[in-house]
1. Springs between alpha-carbon atoms under 10 Å, Gaussian network over the chain: tell me which of 375, 66, 99 tops the mean-square fluctuations.
2. For the chain, what does -39500 (n - 2.57) per DSSP helix run (n ≥ 4), summed and divided by total residues, give at 222 nm, in deg cm²/dmol to the nearest 500?
3. Kirkwood-based Rg over Rh for region 66-162 (C-alpha set), two decimals?
4. Across region 1-111, what fraction of all alpha-carbon pairs, as a whole percent, falls in each successive 5 Å bin from zero upward?
5. Can you pull a Stokes-Einstein diffusion coefficient for the chain at 4 °C (1.567 mPa s), Rh from Kirkwood over Cα pairs, as a whole number of µm²/s?
6. Tell me, what is a quarter of the convex hull surface for the C-alpha atoms of region 10-198, in nm² with one decimal?
7. With only alpha-carbon atoms in the gyration tensor, what are the semi-axes of the equivalent ellipsoid for region 206-404, in Å, largest first?
8. Counting just the Cα atoms, what span does region 362-418 cover along each of its three principal axes? Round to the nearest Å and put the largest first.
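FYI, it's all coordinate maths here, none of it is from the lab. Quick caveat: nothing in here was measured; it's all calculated off a predicted structure. Virtual Cβ from ideal backbone geometry, glycine too; neighbours counted across all protein chains shown.
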């Protein structure tokens, strides 16, 4: 069970700062990002030719002087480039392990073969200009916090900046600042800084729980909640679905063209959609935390290993399958967790097994009782009937009550004869 109440868990926020460089500084930033990208590609080619599992220290030792001389990177940037390349290969390796190769033999039988990064036929290529900036080495706040001092291939640049009021609090509260990323979007420059703080400083105390709220996440509704008073809150997702559908249609049209200009527009639209979806998740999670407040135990399904494919949905409904696969459930959970932590609330993730198939009144578990077409759950044993999303929230709430009552791993199991 994925438990969001782990004591060593950290909350990570990305502070988004708007930079105002002059034309000379902007050119210096662009030159630095191009050089860093080229250095990463050189290191990637070396790592691919020697050993794709090479450690970052070995890679840095082998390529350090080369990237400094050829690409004019500062010492810290050269070391950061080795970390960037190693991290990318590690991420690809993990992805390939989680997505094995499937093939069908001559008899039509399907087989699965595990894949690793060794399956790569060519080096990983870094296409976008980028650079990782280490706090206090490559960037720092100066002049009493009014300017940002940022390293380049030449001299350091002092840049004016603005921070949205929401993010200013993370700077003022002394969160630990990490390796930042500088980027240019539509001619505007930004610095994204990850800030880290412990999520929980005290052990979870069931006595501190004032109420338990079960949250069922879905498509027709962003979230459906059920609390101890039997009250529900429905956060409508229809407008979100419609807008994502419009994005999908635009992407399909551009992909069919296949031109360079279409690909540029695709990248721009992708970033716009991601920012919009993040804003939706921010507002939804904020609404829940503000409504229920401190002392609330929010309970959500653990969807880490859940694949929303054709087995989860009606046959032939490709539109819904695409939306399920692309839905940002994980991001919503992240936002809810750190907002709840800041408000003195808690978040618990529980197994999703049978939460949509169990009758919350009599406990009978039967898949056929959920009527997808009607969006209802009708128990064939006790006759209880309700909205299927509400049923999910009720069952998730029940698991939360078990946890608050002392059960460390609450879950539903289906009896052999049910």
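1. Sorting by GNM fluctuation, first place goes to 99.
2. -14000 deg cm²/dmol
3. 1.24
4. The calculated distribution, bin by bin, is 2, 10, 14, 12, 13, 13, 12, 10, 7, 4, 2, 1, 0, 0.
5. So the translational diffusion coefficient is about 52 µm²/s.
6. If I average the Cα hull's projected area over directions, I get 14.1 nm².
7. Value: 32, 23, 12 Å, ordered largest first.
8. Result, largest extent first: 36, 26, 16 Å.
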